[in-house]
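Below: the structure, in structure tokens.
The values are calculated or read from the model by the stated rules, or taken from the named source; none is laboratory data. Quantities reported herein were computed from a predicted structural model and do not represent experimental measurements. Glycine gets a Cβ as well: all are built from the backbone with ideal geometry, and neighbour counts include every protein chain shown. Side chains included, ligands, DNA and RNA excluded: accessible areas come from the protein's heavy atoms. Shrake-Rupley method; radii C 1.70, N 1.55, O 1.52, S 1.80 Å.
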Amino acid sequence: MLVLVLALWAAGGSVAVLDGPGVSATGYRGASGGPATAGRFRWPLPGPPRVARRFDPPPQPWMSGHRGVDLAAAPGTQVRSAGAGTVLFAGSVAGRPVLTVGHHDGLRTTYEPVRSRVTAGTRVDAGTLIGDLLAGHPGCAEAACLHWGLRRGTEYLDPLALLGLGRVRLLPLDPNHP
């Protein structure tokens, strides 16, 4: 990797990086700034599932956008925690059944619409069954979609970055290069 970056730099090229703060080519960075442990997070559905709609954050926090990914699946599909943590919320938000899991490094994953099998305060591991997928997610053209979200504080992040699958974009090596 270092050789490739040096070769691109010497040629005046660009470097591909995963989009989003706290993300590197090796995956999501933990609170300490180091790469996240490989295999620490997993798909929340049996799979890998098909991504029906990608993360598309708004240019400003108050604007509309898609603050997670929609994963297509059949209604009733088992939903599992993407990582180890504690269930922070299992209930209804704006009439939709939502489940939130807090992880030790300040991340929170969200799952909707999900009929919860757990309650707030429940400790879970990556892969723990937390609920069942319900039909009726707005904007989903499939029989059902799990809207899977990721936040750190108030900032929405691409949950695919937890799996090393976040969007890639090119950045110039020279900060003065447009």
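Quick check on the stretch 59-76: of everything there that is of a type in the set (A, V, I, L, M) and in contact (Cβ under 8 Å) with a residue 24 or more places away in the chain, which residue is surrounded by the most Cβ atoms within 10 Å (Cβ to Cβ)?
LEU71
May I ask you to say which residue of ALA94, ALA120 is free of Cβ contacts under 8 Å to residues at least 12 places away in the same chain and more than 16 Å from the chain's Cα centre (by Cα)?
From the options ALA94, ALA120, the qualifying one is ALA94.
Mind listing whichever residues of the stretch 99-130 are open to solvent by less than 30 Å² (accessible area, probe 1.4 Å) and on the phi > 0 side of the Ramachandran plot?
GLY127 - this is the single residue of the stretch 99-130 that is open to solvent by less than 30 Å² (accessible area, probe 1.4 Å) and on the phi > 0 side of the Ramachandran plot.
Scan THR128, THR119, THR100 and give me the residue that is hydroxyl-bearing (Ser, Thr, Tyr), at pLDDT 95 or above and closer than 18 Å to GLU155 by Cβ.
Selected residue: THR100, the only one of THR128, THR119, THR100 that is hydroxyl-bearing (Ser, Thr, Tyr), at pLDDT 95 or above and closer than 18 Å to GLU155 by Cβ.
Out of curiosity, is VAL79 touching a Gly at 6+ places or on another chain (Cβ under 9 Å) and in contact (Cβ under 8 Å) with a residue 60 or more places away in the chain?
Answer is yes for this residue.
Take the stretch 81-98 and flag every residue that is over 19 Å from CYS140 (Cα atoms), open to solvent by 30 Å² or more (accessible area, probe 1.4 Å) and in a loop (DSSP other than H, G, I, E, B).
Residue satisfying the conditions is ALA84 alone.
Here's the yes/no breakdown for (1) crowded, with 21+ Cβ neighbours inside 10 Å; (2) more than 23 Å from ALA126 (Cα to Cα); (3) in contact with a strand residue (DSSP E or B) (Cβ under 9 Å, 6 or more places away or on another chain):
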site: TRP43; (1), (2), (3): no, no, yes
site: PRO46; (1), (2), (3): no, no, yes
site: PRO57; (1), (2), (3): no, yes, yes
site: VAL79; (1), (2), (3): yes, no, yes
